[in-house]
Amino acid sequence: MRNKLATQPLFKLSVPGRRGAVFPDSDVPQRPLDELLPAEQLATSPPELPELTEPDVIRHFVNLSTLNMSVDANFYPLGSCTMKYNPKRHERLAGLTGLVDLHPYQSEDRSQGMLQLLFEMQQMLAEIAGLPAVSLQPAAGAQGEFTALLVAAAYFRERGEERTQVLFPSSAHGTNPASAALAGFECVQMDKSKNGLVDLDALASHLSEKTAVFMITNPNTLGLFEPDIAKISQMLHDVGGLVYVDGANMNAILGVTRPGDFGGDMMHYNVHKTFTGPHGAGGPGAGPIAVRDFLADYLPGPVVTKRAGGVNPPVDSGEDETYHLTTPTKSIGRMRTFFGNVGILVRGYCYLKTLGAQGLRDVSDNAVLNANYLMAKVADILPTEQGKLCMHEFVATARILKQERGISAMDIAKRLLDFGFHAPTVYFPLVVAEAMMIEPTETESKETLDHFAETLHRIVEEDSEFLHLAPHEAPVSRPDEVTAARKPVVKWMSQK
Amino acid sequence: MTYLFNTPEQQRQMLDVIGVGSIDDLYSDIPQDLRLQRSLDLSPPLTEIELQAHLSELAGQDDGAGSRVCMQGGGAYDHFVPAAVDEIVGRGEFYTAYTPYQAEASQGSLQAFFEFQTLICRLTGMDVSNASLYEGGTAVSEAVFMAMRVTRRHGKVVVLGSVHPEYRQILTTYLTRLNCELVEVPTPDGTADLDRVADALDDQTACLVVQHPNFFGLLEQAEQLSNLAHKCGALSIVSFDPISLGLLKRPGDYGVDIAVAEGQPLGIPLQYGGPLLGILTCREKFIRKMPGRLIGQTTDRNGKTCYVLNLQAREQHIRRDKATSNICTNQGLLALRATVYLSLLGKAGLREVSELCCRKAHYAAEQLTNIDGIELMFDRPFFKEFTLRCQGGTENIRKKAAAAGFDLGPELTSFANFSGMNDANDGLLVAVTETRTRDEIDRLVDVLKK
């Protein structure tokens with residue numbers, strides 16, 4: 001069924017003289033180009049882009065798309081990534097004229113609808129976080145982390161405190177230490193944990209007047225809620241430090257508990273995860289942050305504010321309240337151009353407006369139910385070593401299968417592809433051997449989960465040699481990544 | 001809610017398998033006193049019909065480019081987006097997939113991103129492109145960090161005052177906590193003075209950051225600037241406009257070390273400024289110092305050509321605090337837009353768009369400066385965007401045009417950081433893309449003459 005001709009590299013499909021887009025003839029007086037631009041700045045010929053017709057291009061990319069697994073087509077239990085269904089209405093509404101075609105420098109009086117939407121988004125995210133001040137600027141979760149750490153640094157600096165260390169557990173996402181390093185902090189990783197949770201004694205031993213921020217993912221990357229989180233936060237606050245909550249796992253606790261209520265001072269959201277971004281084969285995301293009121297003045301600008309009275313000139317809407325872009329008084333500055341990843345924020349806004357409070361609570365209830373159900377269904381072959389129950393995801397281990405039968409987490413992951421399932425996240429978090437991090441999300445049915453569990457049971461009965469060679473039915477199997485890294489080929493070259 | 005599956009009966013069955021009595025029991029690790037004792041204070045849920053009405057009402061209050069004559073610039077432009085681009089990125093197989101960690105399940109995206117890298121290399125004449133960064137501003141900062149790693153000079157960075165003021169603000173923020181001096185070379189004449197730049201550079205400088213065409217729309221002496229950087233062992237970083245490369249020399253042709261861009265002109269809608277596309281390219285020898293994802297070609301166990309995430313050892317999920325960047329989620333879907341856009345345009349199409357922008361911008365500048373009180377702020381070559389000096393300030397002009405349906409700007413007064421420029425208050429940017437017509441330009445001139 002696959003059209004192998006069409007999926008050849010674009011550059012091989014190119015035929016001199018073909019066109020995929022033509023533009024109107026110039027309707028202004030035709031002056032020689034070298035009158036307009038200095039001759040020495042002009043290229044001798046245009047870049048060697050491929051020459052294709054529109055049908056060439058469509059057929060190429062449509063056929064390529066069929067080589068992907070996706071949430072629309074497959075169960076995609078990629079732990080930590082919250083691969084939930086992406087409602088189609090969001091795509092239509094984000095494409096409305098007035099939203100999709102609004103220039104970032106359009107004047108405030110001509111963008112009141114967008115500003116209202118973004119203002120309400122700030123409000124909703126503040127309420128869900130239990131933290132009052134929000135910046136929508138960060139482009140993704142990692143940038144949210146970096147932004148919040150700069151906010152913390154500015155806060156300490158103004159207080160005249162020299163705090164140099166950022167702490168995190170060994171189960172932290174890689175972005176945590178990477179962001180801390182970028183923000184000029186010394187990274188302190190706590191290697192000791194207690195049943196997958198923060199070890200309070202170990203934490204105490206790391207805390208000092210040098211402690212700036214403790215970065216914690218809660219629920220953590222093992223899918224466990226830190227029951228001592230209030231105590232942990234108190235310990236940080238007692239030494240004058242701040243608590244940062246990595247919000248990657250917010251899908252478990254919407255309307256159940258809030259980072260601000262369990263002691264968090266700052267957090268980021270991953271709008272593409274929790275609020276159905278979608279993920280776009282790698283991005284875009286949006287990583288807004290929420291902080292306590294004493295940190296609000298340091299947020300990057302602009303943020304949207306509401307005030308009484310019209311914009312200048314007054315909008316003809318009869319409303320008394322208008323929306324404005326403002327930069328907080330002690331702002332750390334700007335993290336990116338323009339306002340933020342607005343297209344993703346619009347989708348998140350649609351999602352929150354569709355669900356409301358009860359809908360959000362239902363999301364977490366069913367995400368947690370699905371994860372626990374699946375954990376129970378596979379516990380006999382892929383046990384979870386930490387915790388009897390989990391939140392929205394669990395980390396199973398293939399350690400015993402590996403020891404006894406030579407079947408690795410990677411083997412199972414690859415074989416799942418043959419059955420039409422995307423693989424879980426494997427070998428993360430680093431603290432679990434042969435880790436398989438499984439996050440079903442709430443938008444999967446019991447039937448799908450049962451089928452997935454049955455498939456796993458079937459796979460672990462298969463011959464290990466056969467599994468080492470999996471997948472068997474995917475377009476390709478076990479790419480040679482070592483050679484790829486040793487001799488990188490990162491662009492297409494003619495074979496001639 | 002239509003996105004959930006479990007019926008009450010199924011929930012019961014599932015709870016039995018788990019061995020607990022209720023969903024609430026699943027939250028037993030969350031101490032009672034930390035639980036929210038009320039419902040979230042959010043507005044009531046909307047059905048699809050209600051939501052569409054609400055969003056339409058909000059969108060209806062905005063003046064988007066689609067219903068106006070958009071001549072706004074400053075880093076985001078109203079270029080034409082062919083329908084085929086929307087069609088491809090609208091496929092769920094692309095937009096509902098994620099980072100291609102499992103190569104076997106992601107060959108479609110991986111090959112598309114590999115083609116993106118190739119197209120960008122051909123566009124720029126550079127050796128290597130990564131698979132995207134957030135947007136053009138952070139791409140500059142990432143390039144600067146990369147230059148520090150390459151040169152092992154961490155103490156000083158030189159940037160031209162003609163670089164987008166927001167790019168410079170971002171760089172200032174990114175460098176806040178690092179002990180690095182950010183030296184800005186003022187450009188009161190619109191473009192860099194080579195002697196002043198030479199004076200600012202020294203053997204401690206990691207890099208020189210140039211935008212070409214620059215924020216004012218003007219062409220810099222990019223090649224000479226690049227040479228100046230090299231003379232003192234610094235890297236040359238150039239932020240370019242991808243559309244300009246249909247006409248102008250490519251960064252790879254004049255010795256640039258790291259070329260970055262805002263990729264928005266390549267088939268990406270304005271969306272109030274995001275999501276956009278950060279492009280970062282460099283010379284081959286710096287490949288292991290690059291930030292962000294990189295797709296590589298290899299073979300599978302059967303010898304078949306295929307694509308993988310390559311050199312992941314640079315990245316945060318492997319290298320953690322020693323990573324070349326903290327970026328994880330990137331702008332994959334926007335990179336796909338650019339890939340489809342460049343595939344459709346081909347070399348002839350890109351050349352046409354580039355020429356149309358340039359010709360129409362020059363016509364517009366000529367006509368607008370026939371109006372009393374309006375002149376070009378800088379008498380320098382420009383590409384598709386230019387800066388008007390409006391006697392008596394820019395606000396009247398901008399508002400008069402806006403009232404008639406023409407959007408101009410941004411005004412230079414929106415940005416506080418033009419050092420050495422006394423007359424920034426009178427500066428108004430105007431951008432002209434291939435979508436504008438002579439008739440529109442003539443009508444704008446009539447409006448402003450009245």
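Only the coordinates and a few stated rules stand behind these numbers; no lab work does. Computed from a predicted structure; not experimentally measured. Glycine also receives a Cβ, built like all others from the backbone with ideal geometry; neighbour counts cover every protein chain displayed.
For the reader, a short list of remarks on this structure follows.
- For segment A:395-496, GluC sites (Glu not before Pro) meeting the loop criterion (DSSP other than H, G, I, E, B) and having at most 10 other Cβ atoms within 10 Å: A:461.
- For segment B:320-450, the normalised intensity computed at q = 0.09, 0.19 Å⁻¹ comes to -0.38, -1.04 (log10 of I(q)/I(0), Debye sum over alpha carbons, equal scatterers, no solvent).
- A:410, A:267, B:290 arranged by Cβ crowding within 10 Å, fewest neighbours leading: A:410, B:290, A:267
- The alpha-carbon atoms of segment A:357-482, seen along their principal axes, cover 48, 31, 28 angstrom, with the largest extent given first.
- Distance between the C-alpha centres of segment A:217-234 and segment B:93-159: 35 Å, rounded to the whole angstrom.
- B:162, A:364 arranged by Cβ crowding within 10 Å, fewest neighbours leading: A:364, B:162
- Taking only the Cα atoms of segment B:83-340, the ratio Rg/Rh comes out at 0.97, with Rh defined as the Kirkwood radius.
- Whole-number percent relative contact order across chain A, with pairs defined as alpha carbons under 8 Å at least 6 apart: 18 percent
- The fewest-to-most ranking of B:135, B:434 by surrounding Cβ atoms within 10 Å reads B:434, B:135.
- Computed from the Cβ-Cβ distance with R0 of 45 Å, the FRET efficiency linking residue A:329 to residue A:465 stands at 0.10.
- For segment B:176-257, GluC sites (Glu not before Pro) meeting the loop criterion (DSSP other than H, G, I, E, B) and having at most 15 other Cβ atoms within 10 Å: none.
- Summary of the geometry: segment A:276-302 and segment A:96-155, compared by the centres of their Cα atoms, lie 7 Å apart.
- Long-range tail of P(r) for the protein assembly as shown (Cα pairs > 52 Å, %): 13 percent
- Zero-based 10 Å bins, Cα pair distances in chain B, whole percents: 4, 18, 26, 23, 16, 8, 4, 1, 0
- Counting only DSSP H runs of at least 4 residues, each contributing -39500 (n - 2.57), and dividing by the residue count of chain B, the helix-based mean residue ellipticity at 222 nm comes to -11000 deg cm²/dmol.
- Sites listed here are trypsin sites (Lys or Arg not before Pro) in segment B:280-320 whose DSSP assignment is loop and whose Cβ has at most 14 other Cβ atoms within 10 Å: B:301, B:304.
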